[in-house]
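Just so you know, all these numbers are worked out from the coordinates, no wet-lab data involved. Bear in mind that the values here come from a model prediction, so they are computed numbers and not experimental data. Here the Cβ is made from the backbone with ideal geometry for all residues, glycine too, and neighbour counts use every protein chain on show.
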Amino acid sequence: MVLWVIASPNGWHKVGTTSYTTTQGNNLRAQKSGVYTSQSSATLNFDYTWNSAVDPTVSPNVDVARVNAFYIGNKIHVRISN
């Protein structure tokens, strides 16, 4: 069985009966100043590209950082939960 199914059988974006389309879910919330990153397209796609020409704290770079933190945090959760 895939490890993430054991650790998060309802996926990373569902808490109880509430489903999220942002960088929050059952294991963690990745946000900056109370703002979450929304999916970039349907089916929980979070496709953002780093722009080295702008400051790290503005879009799209802050979105890249939040998505990365959400992904890495969930992957760590899967590993320590199994």
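Averaging the sequence gap over all C-alpha pairs within less than 8 Å and six or more residues apart, then dividing by the number of residues, gives the chain a relative contact order of 31 percent. Other residues with beta-carbon under 13 Å from the beta-carbon of Ser40 carry, at +1 per Lys or Arg and -1 per Asp or Glu, a net charge of -1. Overall, the chain carries a charge dipole of about 260 debye about its Cα centre when +1 sits on the Cβ of Lys and Arg and -1 on the Cβ of Asp and Glu, all other atoms neutral. Helical content alone sets the calculated 222 nm signal of the chain at -10000 deg cm²/dmol, taking -39,500 (n - 2.57) per DSSP H segment of four or more residues and averaging over every residue.
Here the Kirkwood formula, the inverse mean of 1/r across different C-alpha pairs, assigns the range 3-81 a hydrodynamic radius of 13.1 Å. When the Cα positions of Thr49, Pro60, Gly25 are compared along the charge dipole of the chain, Gly25 comes out farthest toward the positive end, with charges on each C-beta of Lys, Arg, Asp and Glu. Taking the C-alpha atoms only, the angle from helix 61-81 to the longest principal axis of the chain is near 20 degrees.
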